[in-house]
1. Return the equivalent ellipsoid semi-axes of the chain as a descending list in whole Å, where each equals the square root of 5 times an eigenvalue of the C-alpha gyration tensor.
2. Can you give the angle from 0 to 90° between the axis of helix 2-26 and the longest principal axis of the chain, with both taken from C-alpha atoms, to the nearest 10?
3. How would segment 82-196 be classified by its alpha-carbon gyration tensor: rounded, prolate or oblate, with rounded meaning a/c under 1.5 and the a/b versus b/c comparison settling the rest?
4. What's the whole-number percent of alpha carbon pairs in segment 250-386 lying beyond 20 angstrom?
5. Checking the a/c ratio against 1.5 first, then a/b against b/c, what shape does the Cα gyration tensor give for segment 229-277?
6. Assuming a ≥ b ≥ c are the square roots of the Cα gyration tensor eigenvalues, decide whether segment 35-130 counts as rounded (a/c under 1.5), prolate (otherwise, with a/b larger than b/c) or oblate.
7. With everything on Cα atoms, drop me the angle between helix 342-351 and the longest principal axis of the chain, reported from 0 to 90° to the nearest 10.
8. Ignoring everything except DSSP H segments at least 4 long, calculate the 222 nm mean residue ellipticity for the chain; use -39,500 (n - 2.57) per segment, divide by total residues, nearest 500.
């Protein structure tokens, strides 16, 4: 007993020290502060009226950092929007290919994604008022309003179905994701013509309500009617939904099978207040700045502490005057460019670039900036990484 106690004490100290070091790293203490920075070199050019590109070379306490910045004036005739690869959801493509197809003048990489198996995004993605993808993740969101303004929140988007006739409601686990144990998944045509599920469950087919808009610019509510029930691999109606229930939820949700055809269903997405009419919402993270304060909390947003080591980074930010900043930090050891931590990125965005709100996007080898046919950040001699989506700078649909 005594030996076990002494052995336990010897093991506890290193773990405690390790926990302390990890905690410090998460808040930037060991990752190197950007407080000691100076600009070594700065170069700027105009991409289009109201849209500029800057390359800033900083000397930080931890080494050199090359920061690429696209600035979009709020009164320019350009805006940002997310785009998918040519193959749609579940496919990958270089940023430049997506940008060219969208008629963009510039672009950066978008959300995190699974590069190996599903190739699906990570988080939440809404494009042109359509919820394209969704997971149960409480992370930062970038919202783009109908006028091209950007907004930042940390929240957990959820979709709930209301069956007024049955006086029931149902919360969806995921959107356009492979169904797993205990899941209730909503599938749209963005996933494909069928759900691709097995028979270990059942599926409720919802078609657009004939007298109402199934989805559009009038908020987060969509209206459908029950049009069928299937055992698996159900066809997905155009502008409709399929709700796929795993067999482990059969006892709890068997009442769905008993709904009569034509039963009305209201679907609600709980986006942040005021975001109901936003055409685009992108889930990424972590949230870096809010109202001029650093609010970095990787643990809360379920990011591993190793992700806060110096890396190439991508971010979107807003200044107090409403300018949009699209930022990529290069990492190229051959040029002594180590990248930055999230903490360093937040400080540079706020203290040097004038940002008041910001969030991170996918980084590392995904970090890419493309301008008029060229990749401007060094990619270490390798081909541009194929990614699941991109943020592009395109002419406004309705110019000023």
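1. So the equivalent ellipsoid measures 39, 29, 18 Å along its semi-axes.
2. 80 degrees
3. prolate
4. 58 percent
5. Since a/c reaches 1.5 and a/b is larger than b/c, the shape of segment 229-277 is classed as prolate.
6. oblate
7. 70 degrees
8. One gets -3500 deg cm²/dmol as the mean residue ellipticity at 222 nm.
Where a number appears in this text, it was derived from the coordinates with a stated rule and is not lab data. Not measured: the values here are computed from a predicted model.
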